1. Cβ neighbours within 10 Å, averaged per peptide: list 71-81, 27-37, 143-153 in order, most packed at the top.
2. FRET efficiency for ASP204 and SER178, Cβ-Cβ distance as r, R0 = 25 Å, nearest 0.05?
3. Taking Rg and Dmax of the Cα atoms in Å as the quantity of interest, determine which of (1) 20.3, 70; (2) 19.2, 59; (3) 20.0, 64 was computed from the displayed structure.
4. Could you work out what % of the accessible surface of the chain is carbon and sulfur, using a 1.4 angstrom probe and leaving DNA, RNA and ligands out of the count?
5. I'd like to check one number: the per residue accessible area of the chain, probe 1.4 Å, reported in Å² as a whole number.
6. Report relative contact order for the chain in percent, whole number only (criteria: Cα-Cα under 8 Å, sequence separation at least 6).
7. Past the 29 Å Cα-Cα mark, which pairs from LYS30/LYS134; LYS18/LYS200; LYS59/LYS139; LYS61/LYS134; LYS61/LYS176?
8. For the chain, what is the calculated [θ] at 222 nm in deg cm²/dmol (nearest 500), taking -39500 (n - 2.57) for each run of four or more DSSP H residues and dividing by its residue count?
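The values are calculated or read from the model by the stated rules, or taken from the named source; none is laboratory data. This is a predicted model, so every value here is computed, not measured. Neighbour counts are summed over all protein chains in view; Cβ atoms, including those assigned to glycine, are modelled from backbone coordinates with ideal geometry. Quick note on the areas: whole protein, heavy atoms, side chains included, nothing else; ligands and nucleic acids left out. Shrake-Rupley method; radii C 1.70, N 1.55, O 1.52, S 1.80 Å.
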Amino acid sequence: MITYIIIDDEHIAHDIIKGYCDMLPNLEFKADCYDAIEAIDYISKNDIDLIFLDLNMPKLKGFQFLKTLSSPPKVIVTTAYSEFAIEGYELNVVDYLLKPFSFERFLSAINKVNSSDTTTIRKESKEVAKPEGKHIFLKQNNSHIQVDVDDILFIEASGNYTKVVTNDNTISIREKISDTIQLLSDNDFLQVHKSFAVAKKHIDRVEGNRIYIGYHIVPIGKLYKTNINQLFK
């Protein structure tokens, strides 16, 4: 469960973000803050995982507020001003949502939070909390399907789509395989062919130019043999 607060001086922005978050089962609302001073007070007394942060606020601007935090939680910026995007990425924000943003764009940002390998450092105790599991939402046609990343066996490029194969399902999403690998984290997934990437943990054996994962056989491309050799070192 990801706990979050919203920092924005506009009430309608709070309503939109909470409405989107209520559609996702892994997000837990904690507080509305209408300026950065309220947020500083709340964060000093409570642990949270994620901030939805507006930039153009009274008293203290969004990035000025962010720079005051010694151990900030993850941050998704929500703003009407695109010119501040570069500074936001320099501050390691998870994503930068330009108002007005769609639910699909919002979901993409949440997936980046879910798939992050960065462990959460709690502000007060400094205790490192290891995530229990990583989940992402994949869009198949008009449905958003929640998938446990640990259950994904491999992914396969198929025309304009990528097939995501799990232990008990195959989901087709309209994404390039390269973008899907980035979403899933290239630390856990290895591209072994121009059309295939596999979850390292699910590889049963490698034999010749084939990888065996359960009942599945994945080919190894000539240009990707170096990737496979890295597994044996």
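1. Working: 71-81: 19.5, 27-37: 17.5, 143-153: 15.8.
Ranked by mean Cβ neighbours within 10 Å, highest first: 71-81, 27-37, 143-153.
2. Values: r = 25 Å, r/R0 = 1.01.
Step by step, r from the Cβ atoms, then E = 0.50.
3. Structure-derived value, by its label: (3).
4. Details: 6140 of 12840 Å².
Heavy-atom surface of the chain belonging to carbon and sulfur, 1.4 Å probe: 48 percent.
5. 55 Å²
6. Values: 371 pairs, mean separation 23.5, N = 233.
For the chain, the relative contact order is 10 percent.
7. Details: LYS30/LYS134 21 Å; LYS18/LYS200 36 Å; LYS59/LYS139 40 Å; LYS61/LYS134 32 Å; LYS61/LYS176 37 Å.
In this structure, LYS18/LYS200; LYS59/LYS139; LYS61/LYS134; LYS61/LYS176 lie more than 29 Å apart at Cα.
8. Estimated from H runs of four or more residues: -7000 deg cm²/dmol.
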